[in-house]
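Asker: Just passing along the structure, written as C-alpha cells.
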Amino acid sequence: MPKAILAYSALLILGGLATTLPLHAQSAPQVIISWRASTFTPAGYLGKPLPTAESRIEASVEALQNGRLIDLSKETIYWYVDNNFVSGGTGIHSTFFRTPPLKFSPISLRVEIPTLKEGVIKGITIPVVFPEAVMQTPSTPLRPPLALKGLPFFFNVDFAEILSFDWIVNGEKAAASGEPDVLTIKTVPAGAALNVTLSIYNPFSEIEAAKKANTLIIP
C-alpha cells in the first residue's frame, strides 16, 4: 500500500478515536450513603454507635461526579430497608427508620435514584448488635478500696442515668457507691478472689440487657 494511503488511513483512525473519547469525558456518578444510630455510648468512645433492635437510624445520600457534589434536590430518590419501601420522592435525600423488634442481624439499606443519568442504585449493610456491658477496673496491682465502673454501650437511651445497674460480688448483691454505675469495695483480704458480675438493663425495654463478669485477684 502506498505511504500516502497509509497516512490517510491513520488520520481516519485517529479522528475516530477523538470523536469517541472526548477530552472532558464525564465519569459515572459516585453515590455515598451515610447513617447514624441513636444509641448510647460513653464519653470518650471514638467508634461509631451501632444500632440494636428497635433503634432509630438516620440515613442520607450524596452523589459526586468528577469530584463535585451533584444537586439531588430535583432527583427522584427511593429508600428501601430489607427490600421494603421506606420513603421516597423528589429530593428526598435523607430518611429515618427503626430496626425491627427482636432483630440482631445485619439489615440492608438501599437507595435508588432512577432520574440520575441512566439510573443509580446503591446498597449497604448495617450491623445490628446486642447491647454491651463493660466493667472498668483499676489498673494492677489491685489494692483496696477498689472502684469499679459500669459502661453501657448501644442501648436505646439518651443518658446512662435511665439504665439500671446491678452488681453481684461472690454471689451476693452489692450496693452501688452513690452513683449506680460505680461499685466501691473498701476492704478485701489479701489473696482473695472477687467474682464480680455487672448487669445493665433498660427498664423501659424487655429486650435491652447486657451482662459482664470478671474475676479480680487481690495480691
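Read the figures in this text as sums done on the coordinates, not as results from a lab. What you see is a predicted model, and the numbers here were worked out from it, not measured in a lab. Virtual Cβ from ideal backbone geometry, glycine too; neighbours counted across all protein chains shown.
Asker: Every residue in segment 179-219 that is acidic (D, E) and either closer than 12 Å to A147 by Cα or not in a loop (DSSP other than H, G, I, E, B) (or both), please.
Answerer: E179, D181
Asker: Could you give me the residue pairs with C-beta distances under 7 Å whose first residue belongs to segment 109-138 and is free of Cβ contacts under 8 Å to residues at least 24 places away in the same chain and farther than 30 Å from V196 by Cα, whose second residue is not β-branched (V, I, T) and not in a strand (DSSP E or B) wherever it lies, and which are 6+ apart or on separate chains?
Answerer: T125/P106
Asker: Could you say whether any residue in segment 186-197 is within 27 Å of the chain's Cα centre (by Cα) and surrounded by 14 or more Cβ atoms within 10 Å (Cβ to Cβ)?
Answerer: no
Asker: Please pick out the residue among R68, R36 that is more than 30 Å from L151 (Cα to Cα) and of a type outside the set (A, V, I, L, M).
Answerer: R68
Asker: Follow-up. One residue is enough: does segment 136-153 have a residue meeting the conditions in contact with an Asp or Glu (Cβ under 8 Å, 6 or more places away or on another chain), surrounded by 18 or more Cβ atoms within 10 Å (Cβ to Cβ) and part of a loop (DSSP other than H, G, I, E, B)?
Answerer: No, because not a single residue in segment 136-153 is in contact with an Asp or Glu (Cβ under 8 Å, 6 or more places away or on another chain), surrounded by 18 or more Cβ atoms within 10 Å (Cβ to Cβ) and part of a loop (DSSP other than H, G, I, E, B).
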